[in-house]
Amino acid sequence: MPINKKSKIFLAGHTGMVGSAILKSLKKKGYKNIFIKSKKSLDLLNQEKTHRYLRKIKPKYVIIAAARVGGIFANNNYKAQFIYQNLMIQNNLIHSSYLVGVKKLIFLGSSCIYPRNAKQPIKETSLLTGALEKTNDAYAIAKIAGIKMCEAYNGQYNLNYLCLMPSNLYGPNDNYNSKNSHFFPALIRKIHNAKKNKKKFIEIWGNGKAKRELTYVDDLADACEFFLSKKTKEVLINIGSGYELKIIDYCKFIMKKMKCSLAIKKNSKMPNGTPRKLLDCKIAKSYGWRHRYNLEKGFNFTYKDFLRRNIR
């Protein structure tokens, strides 16, 4: 049953790539009562302020896109911030949502919650069946805690808090920071700059053989809106495109799109990360959700945004 377009929705984390895509999607679909707050005006690390704000606006729905995120370098070097900040943000929002009467909440995470050597494609039941990838275990543990918190609150308080776990995401408003970005925006920036500066090669981390599934961010935004109106028996649902390539093949794809040819140097001193992360999305599809964007179309929108923002 469709939700009332006038219902109050609090979207946490509206300025990031994921949050901004969700905000754009909700507005485009006619939602009139979307509440957003900047980091300066609402510190989600502060339990009292978070609870006070939710108690004031009394939303019917909450979407948690707020998180500290980053690529291998950031995840591996700032583990304390990653585990502390993500735990605090999600704990404050989930618990305060329960206290003010929110029955439906969507919590967003990442495919890194699954074991490093999980059977592929990865089913939701693979959670907690093996060791995590060490380079991002702090972030993953925080997200796993959020899933288990939603599961516990659903069971004890009769709620429908849902956790959507996407594969690697990309799209407009992504982070292209050379140290803190994920692999795909990092490759876009490296290859663009190498072409612009007439370099003959780019360097990638590891051997380039790790496989990654990419999902365009608007597909996740659509999934959030789609599942707001669904009563699900599952707490955890994967969201992906089913499209994966080796890192080195993504390099070649981007070069082809940018019409350049560069040598690829592999830095074997740097980590490869998880060997493969392809999600099984049968549960999402059983409810009727489907992804809409292929890599070709998604890249065109992404690179146009990159050029528009004049990132160097």
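The values are calculated or read from the model by the stated rules, or taken from the named source; none is laboratory data. All values reported here derive from a predicted model rather than from experimental measurement. Glycine also receives a Cβ, built like all others from the backbone with ideal geometry; neighbour counts cover every protein chain displayed. For accessibility, only protein heavy atoms count, side chains too; no ligands or nucleic acids. Shrake-Rupley method; radii C 1.70, N 1.55, O 1.52, S 1.80 Å.
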Exercise for review: For the chain, give the magnitude of the charge dipole about the Cα centre (Cβ charges: +1 Lys/Arg, -1 Asp/Glu; no others), in debye to the nearest 20.
Suggested key: 1100
Check your understanding: To the nearest 10 Å², what's Glu203's accessible area with a 1.4 Å probe?
Key -> 80
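Calculate the FRET efficiency for Lys211 and Gln81 from the Cβ-Cβ distance with a Förster distance of 30 Å, rounded to the nearest 0.05. Provide the component values of the computation, followed by the final result.
Details: r = 28 Å, r/R0 = 0.94.
Plugging the Cβ-Cβ distance into 1/(1 + (r/R0)^6) gives 0.60.
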Review point. Where nothing but the Cβ of Lys and Arg (+1) and of Asp and Glu (-1) is charged, how large is the charge dipole of the stretch 67-156 around its Cα centre, in debye to the nearest 20?
Key: 80
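Where does the charge balance sit around Val217 when Lys and Arg score +1, Asp and Glu -1, over other residues with C-beta under 11 Å from its C-beta?
On the way: positive: Lys24; negative: Asp174, Asp218, Asp219, Asp222, Asp305.
Within the 11 Å Cβ shell, the charges total -4.
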Point to revise | Translational diffusion coefficient (Stokes-Einstein; Kirkwood radius from C-alpha pairs) of the chain at 10 °C, 1.306 mPa s, in µm²/s | key: 80
Review point. How big is the accessible area of Lys209 in square angstrom, nearest 10, if you roll a 1.4 angstrom probe over the protein chains?
Key: 130
Study note, to complete from the structure: Once normalised by the length of the stretch 12-158, the mean sequence separation of its alpha carbon contacts under 8 Å that are 6 or more apart gives a contact order in percent of 24
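Under the 0.36 nm per residue contour assumption, what length would be gained going from the current alpha-carbon distance of Lys56 and Lys29 to full extension?
Working: separation 27, 0.36 × 27 = 9.72 nm, distance 2.55 nm.
Length difference between fully extended and current span is 7.2 nm.
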**Study point:** Cα centroid of the stretch 215-281 to Cα centroid of the stretch 87-152, whole Å
**Key:** 18
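Dividing the Cα convex hull volume of the stretch 145-241 by residue count, how many Å³ per residue is that? Could the numbers behind the result be given before it?
On the way: hull volume 13.0 nm³, N = 97.
Residue-normalised Cα hull volume stands at 134 Å³.
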Check your understanding: Relative contact order for the stretch 120-206: what is it in percent, counting Cα pairs under 8 Å that are at least 6 residues apart?
Key -> 11
Check your understanding: Over the heavy atoms of Cys260, what accessible area does a 1.4 Å probe trace out, to the nearest 10 Å²?
Key -> 30
**Study point:** Positive-pole candidate from Ser286, Asn158, Tyr243, dipole of the chain, charges at beta carbon
**Key:** Tyr243
Review point. Using Cα pairs under 8 angstrom and six or more residues apart, how large is the relative contact order of the chain, in percent?
Key: 20
**Study point:** Distance (nanometres) between label positions extended 7 Å along Cα→Cβ at Lys40 and Lys269
**Key:** 4.1
Review point. So which lysines can Lys37 reach, going by Cα to Cα under 18 Å and dropping same-chain residues fewer than 8 places off?
Key: Lys8, Lys24, Lys27, Lys49, Lys56, Lys58, Lys60
Review point. When the distances between all Cα atoms of the stretch 1-121 are binned every 10 Å from zero, what whole-number percent does each bin get?
Key: 12, 42, 31, 14, 2
